DNA sequence: CAGGAAGCCATTTTT
DNA sequence: TGGCTTCCTG
C-alpha cells in the first residue's frame, strides 16, 4: 500500500472503508445525516485514481455548484493536480456541456441560451396571452410547474390527458412554448437534462461518444434525482456498470420538483447484485439532537430502516419557545444571537424557516439589535432588475434569436419604443416564425410599412446600436463587452441622471457585476480555459443563490430549510413549528406530510451542539393573521429532552440547570412577556370575517380563482359553519381545508361547501 | 409614450 | 402584504 493510499483510508470506520474501496459494479451508499458522506465520495474518487483509473474517466455529479466545488477541492487535496481532469459538476452543468458539443442534433446552435425560471414564466405568460388562455383552469405558473414535472419524467405534451381541461390547456400552451424556445435557440432547465439524455441515448445506439466516455460514475444526493437524471446516470454507466450512488431517503425534500424517492429505494431491485453500504454513525450532532431527529423521522412510513448512532455525549436539551406572535419569536431569536455575539460566536448560529416570507421579521429584530447577519436565498444577485437587463444584452449579443431578451431591453433604457411598436414587431415575428431582432432590422428600413416614421427611426437606431455592439463582441472579452454595453446604451447614464439613492445602488450593482465577470475571466484563465461569453452566461444561468453562500462573513446565517441541506452549524434555531407552516398547508391538503417531516429532520440534523425550536401562536403572513396550532412534529420529540423556555407566569424557569451556561442571560429579563396576549381559545378563528370574504363570492360568475380565501366562512351540510384555511386544485378536483370549531381541520371537496 | 394611481391576484420549497 | 397589470392623464 502506498503512502497516499494509506492516507486516503486513514481514520475511516468500517462502513466508510467499504464504501470507499468496494470495486466495480453498482454501489449504493445510504449515508445518514452527518455520517461523513462527502468524505466517502471524495476519498473514493481518490482511491480510484490510486488504483490506476484515469482521472478523466471519472464523472462525479452533484446538485449544487457549491457541493461540486467543495468536492473538487477535497479531491485536489488528496491527489493533487490529477484532480484537474476529473469532471466534478452539477447535473445541469454537465448536461449543458454535453449539449453545447452536440447542439445541432437537437436543432440548436452551440450558443443556445439557458432560460431560468423567470424567463420561463415570462415566456409562458406571453404564450397564455397569445392563445387567450387567461381565465382558464391553468395559470402560467401551474403550466410551467406541470411541464417541468413531466419533462422530468421524460414525457411530452402528448402524454397529457386532454379530457382534463387543465391538461388540455397545458398541452396547447406547451407546444407553443416549446416552438418559441426552439426559435429562440434556447432551452429551459428541464430541457437541458432531457435533451442531453436524448443526445447520449442516440450516441449509445451508435456506440460512441458520451455514452462511453466515463468508466466510473458517482452521483451525490441520489434521493433527489428525478427520472431523467436517473436515466442519465444509468446510460452513462451502462457500458461498465460502475455506478456509485450516495444518498439518504430521509433527506429527500425535492419531490415537488420531480425528485423520485423510489430511485433510491428501488436501487437494489434495479441493480441486482449491487453492493449496499449503510453509514449509520453520526459524527456531527450531540446524542440529544440525534435522538430527537431519529424519533421524528421514525414516524415516516416510506423509508428504508436505518439506525443512526453517535459516540458523542448527550449534550444540552433541546430548547423550545412559544411566542405570542412572529415578532416575539424574532425577538427571542435575536436574543439568542446577541448572546452568542457577545461571545464572538455569532457566525456559529443559523436560523432556519420554511418560507422566505418569514425572514423579514427576523431581519428586523436582528438589525435593531445590531447583530450582523447574512441571508441566503430570496433574491439572487443575478435576479436584480438592472443585472438582468445587462445579462439580457449580453445574451442577445451571444444569441440574437433570443426574443425574451430582446423584449426585455428593446426599451430599456427608455428609448421611446412603446408597447404598440413592440407588439407589432413580436406579432410579425410569430407570424413569420423568425427572430424578433430580424423583424426589427427589416422594419427599420424606410421601405417597410410596419411602423410609423417616428417608431421606425427609433427602431433603426436601436438596431444600429446592437449591430455596433455585436461588432465589438468579436474582439472584446465578456467584461469589456459588458462595460461597452453599459456605456453605449446609456444605461448607466440614465440611472445616474435619476439621482436617487436607489439608482445609485443600482449603478453600484452593475459595477459589481462587471467585477464578477472579470473574476470569471480570471478563474477561467487559471484553469487554462478561454473565458467566453457563453461560458459566463452559462455560469449565470446555473448559479443558484445557495451557491453564493460561502461569501464568508461574520454573522448569523438566515435561510430556508431547503437551502440548509448539506450544511452544519454549532447552534441552530428552527422557527415556525406550526401546523400550516411546517408542515406547510399544501402538504397537509395534498397528503404529503412525510416530506415536511423530512424537511424538519434535515433542519434538526444541521445542528452540532444546540438546537432551538420556536413557534408563534399568532402569525401574520401575506396580510392575513391566523392562529396556528403547534406542529405535530413537536409531539413526536421525546418530551424529556425538550425544555420549554421563557414560559410565562410562575412556572419553572428551566434555563438555570444548563451545564454550559449558554442559556444564561435571557432568563431575567423577558420583555416579550409584557406584551404577551391572552391566547385565544383553542378553536379560535379571526372574529370578523375578513374583507376578502366578500370578494371572491360576491363577484360571481368567476370560477376557481378567488373563490376561496383564507379566513372566509363557509357552511357544510354535516359539519356546519367553518373557516377556510387553505385550498388546492382546480374544479372538479378542488379541495378546501376548513377548520370547524366542533370537528377540527377537515379537507372537503369544494362542491360540498357553501360560502357564507 | 411615460409615469403615476388604483385595482387585482396569488400565496412553498429552486437546479 | 406586495408585485404586477391596467387604466388614466400629461
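The values are calculated or read from the model by the stated rules, or taken from the named source; none is laboratory data. Keep in mind the model is a prediction, meaning the values are calculated, not measured. Please note: Cβ atoms are built from the backbone with ideal geometry, for glycine as well, and neighbour counts cover all protein chains shown.
Which residue, of A:629, A:554, A:571, is more than 13 Å from DNA strand B (Cβ to nearest atom) and closer than 22 Å to residue A:325 by Cα?
On inspection, the qualifying residue turns out to be A:629.
If the requirement is being touching a residue at least 24 places away in the same chain (Cβ under 8 Å) and within 28 Å of residue A:517 (Cα to Cα), which of these qualifies: A:315, A:378?
Of the residues listed, the single one that is touching a residue at least 24 places away in the same chain (Cβ under 8 Å) and within 28 Å of residue A:517 (Cα to Cα) is A:378.
Could you list, in sequence order, all residues of segment A:118-135 that are surrounded by fewer than 20 Cβ atoms within 10 Å (Cβ to Cβ) and within 11 Å of DNA strand B (Cβ to nearest atom)?
A:118, A:121, A:134, A:135, listed by residue number.
Quick check, is residue A:73 away from DNA strand C (no atom under 16 Å from the Cβ), free of Cβ contacts under 8 Å to residues at least 12 places away in the same chain, within 30 Å of residue A:312 (Cα to Cα) and surrounded by fewer than 20 Cβ atoms within 10 Å (Cβ to Cβ)?
yes
Whether any residue in segment A:439-447 is within 40 Å of the chain's Cα centre (by Cα), farther than 17 Å from residue A:490 by Cβ and within 16 Å of DNA strand B (Cβ to nearest atom) is what I want to check.
So far as segment A:439-447 goes, yes, one or more of its residues are within 40 Å of the chain's Cα centre (by Cα), farther than 17 Å from residue A:490 by Cβ and within 16 Å of DNA strand B (Cβ to nearest atom).
Kindly indicate whether any position in segment A:247-262 is under 25 Å from the mean Cα position of the chain (by Cα), crowded, with 23+ Cβ neighbours inside 10 Å and in a strand (DSSP E or B).
Yes, that holds for at least one residue.
When both residues are 6+ apart or on different chains and their Cβ atoms are under 7 Å apart, which pairs have a first residue that lies in segment A:117-131 and is under 18 Å from residue A:392 (Cα atoms) and modelled with pLDDT of 85 or more, and a second that is assigned to a helix (DSSP H, G or I) and away from DNA strand B (no atom under 14 Å from the Cβ)?
A:119/A:404; A:122/A:404; A:123/A:177; A:123/A:180; A:123/A:404; A:124/A:173; A:124/A:177
If we scan segment A:366-382, do we find a residue that is in contact with a strand residue (DSSP E or B) (Cβ under 9 Å, 6 or more places away or on another chain) and closer than 14 Å to residue A:119 by Cα?
So far as segment A:366-382 goes, no, none of its residues is in contact with a strand residue (DSSP E or B) (Cβ under 9 Å, 6 or more places away or on another chain) and closer than 14 Å to residue A:119 by Cα.
Collect the residues in segment A:152-173 that are surrounded by 21 or more Cβ atoms within 10 Å (Cβ to Cβ) and either within 21 Å of residue A:263 (Cα to Cα) or under 23 Å from the mean Cα position of the chain (by Cα) (or both), keeping them in residue-number order.
A:152
Please find, among A:331, A:326, the residue that is in contact with a strand residue (DSSP E or B) (Cβ under 6 Å, 6 or more places away or on another chain) and under 26 Å from residue A:619 (Cβ atoms).
A:326
Just give me the residues in segment A:599-630 being away from DNA strand C (no atom under 16 Å from the Cβ) and more than 24 Å from residue A:337 (Cα to Cα), in sequence order.
A:627, A:628, A:629
Counting just the residues of segment A:226-246 that are in contact with a strand residue (DSSP E or B) (Cβ under 7 Å, 6 or more places away or on another chain) and not in a helix (DSSP H, G or I), which one comes out surrounded by the most Cβ atoms within 10 Å (Cβ to Cβ)?
A:244
Would a scan of segment A:100-117 turn up a residue that is within 16 Å of DNA strand C (Cβ to nearest atom) and surrounded by fewer than 21 Cβ atoms within 10 Å (Cβ to Cβ)?
yes
Out of A:160, A:123, which single residue is in contact with a helix residue (DSSP H, G or I) (Cβ under 8 Å, 6 or more places away or on another chain) and away from DNA strand C (no atom under 16 Å from the Cβ)?
A:160
Any residue at all in segment A:556-576 that's under 19 Å from the mean Cα position of the chain (by Cα), crowded, with 21+ Cβ neighbours inside 10 Å, over 25 Å from residue A:349 (Cα atoms) and modelled with pLDDT under 90?
no
If you scan segment A:204-233, which residues turn out to be more than 14 Å from DNA strand B (Cβ to nearest atom) and within 22 Å of residue A:49 (Cα to Cα)?
Result: A:210, A:211, A:212, A:213, A:214, A:215, A:216, A:217, A:218, A:233.
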